[in-house]
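Notes follow once the structure below has been shown.
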Amino acid sequence: MSAQLIIPILFGFFSGIFANYLADVLPRNRHLTNPVCLDCGEIRSFSNFLSGKRCQACGKNIYFRYWLVNVASLILSLLVWFFPAGLIPYWGSLIVLTVFMSIIITDIEYHVILNQMSVTAFLVSFAAGWWLHGWLKTILGGISGFLLFLGLYYLGRLFTRFMSRKRGEPVDEEALGFGDVYMAGAVGFLTGFPFIFPALLAAIVFGGIVSAVVLITSLIRNSYEAFRAIPYGPFIISGGIFILYYYLINPIK
Ligand SMILES: [Zn+2]
């Protein structure tokens with residue numbers, strides 16, 4: 001093992017801690033503050049946060065998520081170190097991954113993608129996209145992704161309205177949130193035009209597979225709820241990264 005590996009190991013770990021920090025602080029305070037507890041909003045000491053211990057005030061336990069994110073980002077850091085995404089330098093990929101990771105956490109935990117995070121994702125994806133395939137394909141990819149999911153967003157709203165009228169009761173859960181529309185735009189910048197289309201198709205397929213698994217397990221456990229929406233951000237992001245690497249490995253001649 002070469003001594004150079006200390007870089008992706010160390011920075012991968014830092015990126016995990018930073019993604020954890022963003023996902024704790026931004027949903028509560030909307031700007032960067034001292035580490036806070038997700039549940040009670042009490043300020044936590046840096047040592048309490050860094051060790052992933054329970055909140056001193058309310059006892060909220062984030063140990064599992066904290067270490068899961070740290071290990072995942074360590075692995076992702078090593079992957080982009082060994083398999084760089086085209087011309088994007090290692091540190092560029094790591095920044096993109098850190099932003100996406102914090103979005104995935106808040107989308108899973110709160111079913112929300114914060115506007116600050118969307119704007120950050122736009123900026124880093126645009127820079128990465130420009131690096132990969134120039135500004136024109138980057139802009140076209142972003143616009144295509146945004147418009148395509150905007151269409152799906154309104155279709156979803158129509159469907160929800162139709163269903164709630166049919167059942168005579170309001171259906172609160174939206175199939176697709178506006179944060180997902182922003183994410184489709186950000187991922188469009190990253191993959192560029194026309195690769196945003198297979199990327200979003202992959203996202204829909206991944207989302208469909210996971211929804212089916214969730215549906216089947218909840219049917220087995222008898223806890224079926226028709227409109228329990230799954231967070232879509234993680235699928236849009238993983239679909240984009242999957243297609244980006246697929247076409248880097250198998251370029252169209
Ligand atoms: Zn607390």
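The values are calculated or read from the model by the stated rules, or taken from the named source; none is laboratory data. Remember, predicted model here, so these are calculated numbers, not experimental data. Cβ sites come from the backbone with ideal geometry, for glycine too, and all protein chains shown count toward neighbours. What goes into the accessible areas is simple: the full protein's heavy atoms, side chains included, and nothing from ligands, DNA or RNA. Shrake-Rupley method; radii C 1.70, N 1.55, O 1.52, S 1.80 Å.
Using the eigenvalues of the Cα gyration tensor, what equivalent ellipsoid semi-axes result for the stretch 116-253 when each is taken as the square root of five times the eigenvalue, whole Å, largest first?
31, 17, 12
Whole angstrom only: what separates the Cα centroid of the stretch 238-253 from the Cα centroid of the stretch 76-94?
With the stretch 238-253 and the stretch 76-94 each reduced to a Cα centre, they are spaced 14 Å.
Please state the equivalent ellipsoid semi-axes for the chain: what are the square roots of 5 times the Cα gyration tensor eigenvalues, largest first, in whole Å?
Three semi-axes, in Å: 29, 27, 16.
With the contact rule set at Cα under 8 Å and sequence spacing of 6 or more, what percent relative contact order holds for the chain?
Values: 350 pairs, mean separation 44.1, N = 253.
Over the chain, the number comes to 17 percent.
Amide H of ILE62 versus every other amide H placed in the peptide plane: which residues, excluding those fewer than 5 positions away on the same chain, fall under 5 Å?
It is CYS55, by chain and number.
Could you sort 91-102, 136-147, 232-243, 32-43 so that the peptide with the highest average Cβ count within 10 Å comes first and the rest follow in order? Could the numbers behind the result be given before it?
On the way: 91-102: 22.0, 136-147: 20.4, 232-243: 24.7, 32-43: 14.9.
So the order, starting with the most tightly packed, is 232-243, 91-102, 136-147, 32-43.
Based on the mean of other Cβ atoms within 10 Å per residue, sort peptides 7-17, 61-71 so the most packed one is first.
7-17, 61-71
Of LEU97, TYR63, ILE230, which is farthest along the charge dipole of the chain in the positive direction, counting Lys and Arg as +1 and Asp and Glu as -1 at C-beta?
Projecting each Cα onto the dipole axis, the largest value belongs to ILE230.
Are there trypsin sites (Lys or Arg not before Pro) in the stretch 154-223 that DSSP marks as loop and that have at most 13 other Cβ atoms within 10 Å, and which are they? Write out the running numbers ahead of the final one.
Working: sites: ARG157, ARG161, ARG165, LYS166, ARG167, ARG221; in loops: ARG221.
Here the trypsin sites (Lys or Arg not before Pro) that fit, given the DSSP loop and packing criteria, are ARG221.
If packing is taken as the average count of other Cβ atoms within 10 Å, what order do 107-116, 192-201 fall into, highest mean first? It would help to have the intermediate numbers written out before the result.
On the way: 107-116: 16.9, 192-201: 20.9.
Ranked from most to least packed, the peptides come out as 192-201, 107-116.
Place a +1 charge on the Cβ of each Lys and Arg in the chain and a -1 charge on the Cβ of each Asp and Glu, then give the dipole magnitude about the Cα centre in debye, rounded to the nearest 20.
I would put it at about 120 debye.
Keeping every protein chain present and rolling a 1.4 Å probe, give me the accessible area per residue for the stretch 103-253 in Å². Walk me through the numbers before you get to the answer.
Numbers: 8440 Å² over 151 residues.
Per-residue value: 56 Å².
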